[in-house]
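Quick notes on the structure that follows.
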Amino acid sequence: MLKPILKTSAVLLGAGALYLTLWPVPIDPQPWEAPQNQGYTGAFSPNTALHAIDRIALNGEFGPEDAAIGVDGRLYMASHSGAILAYDPTDGTVSEFANTGGLPLGISATDDGVLYIADAAKGLVQVDTAGTVTVLTNTVDGTPIDYADDLDIAPDGSVYFTDASTKFGAVANGGTFPASFLDLMEHGGHGRVLRYDPATGQTRVILDGLQFANGLAINAAGTHFLLIETGAYAVRRVSLDGASVETVLENTPSFPDNISRAPDGTFWMGFVSPRSQQADDLAPKPFLRKLVMRLPAAMRPKATRYGLVARISETGEVLETLHDPDGGFAFTTGVIEAADGTKYITSLREDTLGRLAAP
C-alpha cells in the first residue's frame, strides 16, 4: 500500500516541478537592479493630511483615474465604465457627459471646451462640447496604440500622450491593472510618448524604451514635459522634441502614476501603491519572476492600500506630501488643483472623488 502512495506522490511532485519551471508565461523578464527603497522618510515622511478629504459620490461609477477642469468650471473625470462624468462644484451634482465606450484614463481640457482623452482601449479621443466622441488616432508608424494613458496639450495645440506599454495592451490583457502588472513584471521597456498634431492629423513617436510610461504634464513655459516612468520609480524632464531627457526625481517610495501642473507652475503627482519589497528583490532574477507568474495570484506581488500625493517643482524638489497611511482613500493617481486652491484627488479604484477644500 505504501509503495503506490509514494509513487503517486513522486509523480505529483514531478509534475508540479515541471509546471513551476516550464509552463509558458506571458512575460519575458529582463534583469535590472531596483534602487534600495528608503521608504517614507525625509520629504516623504508620513502625515495624515488626506484624512481631511471630502468624498464626492459618483452615482455608482468608480475609478476616477484623472480629471480636468473645463472652461465651464465643471470637473470632468474618467470612470472604468467608459463614462466621462461631470461634477458641478456650484450645486454638487455629478452627471454623465459622454461615454467613450472604452477605458478612459487621462483627460485634458482646451480653452474652447473640447476634451482630449487618453483611452486605453480606443487611443487618443476627442469629446466636443455636445458630448460627441471622436477617435483621433489609434496607430503610429504602423503599430497600434493599445494603452493610451495620460496626456497634456502644448501651447501650439499639439497633444502629447503616453502609450504605457506596446506589448501588454489593456484590452488584450484583461484591463488596465492586469496589463500594468505584466509590464512591470517584465520590465522590458515597452512604453513610449507620442505627439498628435491636430492640424495634420499625424501622430509620431517622441520617446520610447520606457518602463511603463504613465503621467505626463507640460511645464508653464511650454518647453518641456515631466514624465512619470512608473516601472523605474522616476520622473523625467523631457524637451518637447524628445532630444533632451533628464531625471529630476528617482527612487520614489511608491509607484508614481499621474502628474498635473498646478496653477502656480508646480506639479502634483499621485502614487498608486507602496513599492513591493518582493518585486524589488525579484528585479535581478528573471527566472524567479517567471516562476512567480505560475503561482496563484494571491502569492504574487500586489498593490496595497495607501494614499499619497506630492507636489514637486519642475526640477524634482519635493515641496509637499499628503498621506493617508490607513488607506481610507487609496490607490491615489493624482491631484487636480483649481484656481481657488481646492484640490481634487483622483484614484484608480475608489468609487468616490476626493476633495480637499482650499486652506
- Selected residue (only one of 257, 264, 241 is surrounded by fewer than 18 Cβ atoms within 10 Å (Cβ to Cβ) and touching a residue at least 12 places away in the same chain (Cβ under 8 Å)): 241
- Query: Going by the structure shown, is residue 275 free of Cβ contacts under 8 Å to residues at least 60 places away in the same chain, surrounded by 15 or more Cβ atoms within 10 Å (Cβ to Cβ) and charged (D, E, K, R)?
  - Reply: no
- Note on the structure: Taking region 246-296 and keeping residues aliphatic (A, V, I, L, M) and either in a loop (DSSP other than H, G, I, E, B) or over 24 Å from residue 64 (Cβ atoms) (or both) leaves 248, 249, 262, 279, 282, 283, 288, 291, 292, 293, 295
- Message: Given the condition at pLDDT 95 or above, of a type in the set (A, V, I, L, M), in a strand (DSSP E or B) and within 27 Å of residue 307 (Cβ to Cβ), answer yes or no: does some residue in region 58-65 qualify?
- Response: no
- Residue list for region 152-196, restricted to those being among the basic types (Lys, Arg) and under 15 Å from the mean Cα position of the chain (by Cα): 192
- Which one of 333, 321, 304, 315 is surrounded by fewer than 19 Cβ atoms within 10 Å (Cβ to Cβ) and either among the acidic types (Asp, Glu) or over 24 Å from residue 221 (Cα atoms) (or both)? 304
- Message: Looking at region 55-68 only, could you name the residues that are surrounded by 14 or more Cβ atoms within 10 Å (Cβ to Cβ) and more than 20 Å from residue 134 (Cα to Cα)?
- Response: 55, 56, 58, 61, 62, 63, 64, 65
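The values are calculated or read from the model by the stated rules, or taken from the named source; none is laboratory data. Small disclaimer: the values here were computed from a predicted structure and weren't measured. FYI the Cβ positions are ideal-geometry reconstructions off the backbone, even for glycines, and counts take in every protein chain you see.
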